[in-house]
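None of the figures in this text is laboratory data; all of them are computed from the coordinates on show. All values reported here derive from a predicted model rather than from experimental measurement. As a convention, Cβ positions derive from the backbone with ideal geometry for all residues, glycine included, and neighbour counts pool all protein chains shown.
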Amino acid sequence: MSQYQAQVPNGDLVKPEIRKYFESFYTISDTPDIHQKYSEQFTQNANLIMASKEARGRNEILQIRIGMWEKVAKRSHKPVKIFPFGAGSDEVMLFGTVDYELKDGKKASVDWAARAHFAQEDGALRMDFYQVYLFAHSMQLCLLVISVPSAQTLLALLDAEPAAKSLECQSAPFANEK
């Protein structure tokens, strides 16, 4: 079984084409330098919300995608389960993990969840809405901030810096790290 093949409920609750879409989507997502192909997985006017970053339309999605690889050397998504809003629905929730290797050699694993809505455009299934929620467990995040020299870089990548600050990790190098 491919790392990109998520579990789905028995029966045809999740459309087979949605399951297949995500297998392809996360393969593309984990492949650097195919930014245009990533943006083409969305409708022309799709809305993408990636933690606190928001994009409307393929051009803005393309810019977010390019930024997602700025400090990342490798990423590896492992979707675990897909849940439909109802039988045959075009809206699903899913969750999994993503492993990052940053260009400075540091590594991290993050749990995520996402909400997606699909539409047909130009004869292809595409997302017209995709929102990703990244989870950094409080204690792990605090330890990461204290122990990793490039913590600010990683937290910025994960959009988790405000959460870490709220944990009052006193040894965190937010103010002085470049």
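Things worth noting here:
- Distance (nanometres) between label positions extended 7 Å along Cα→Cβ at Asn45 and Asn59: 1.5 nm
- Cβ-based exposure ranking for Ser39, Ser89, Ser109, in which fewest neighbours within 10 Å come first: Ser109, Ser89, Ser39
- Amide H within-cut-off set for Ala51, under 5 Å, with H built and near neighbours excluded: Val132, Leu134
- Violating pairs (Cα-Cα greater than 22 angstrom) within the set Lys71/Lys106; Lys20/Lys103; Lys20/Lys71; Lys37/Lys106; Lys37/Lys74: Lys20/Lys103; Lys20/Lys71; Lys37/Lys106
- Annotation: extensible slack from Glu23 through Ser109 equals 29.0 nm (criterion: 0.36 nm per residue apart, minus Cα-Cα distance).
- Scattering curve values for the range 1-67, log₁₀ I(q)/I(0), Debye with Cα scatterers, q = 0.13, 0.14 Å⁻¹: -0.43, -0.49
- Around Ile18: net Lys/Arg minus Asp/Glu count, Cβ-Cβ under 12 Å: -1
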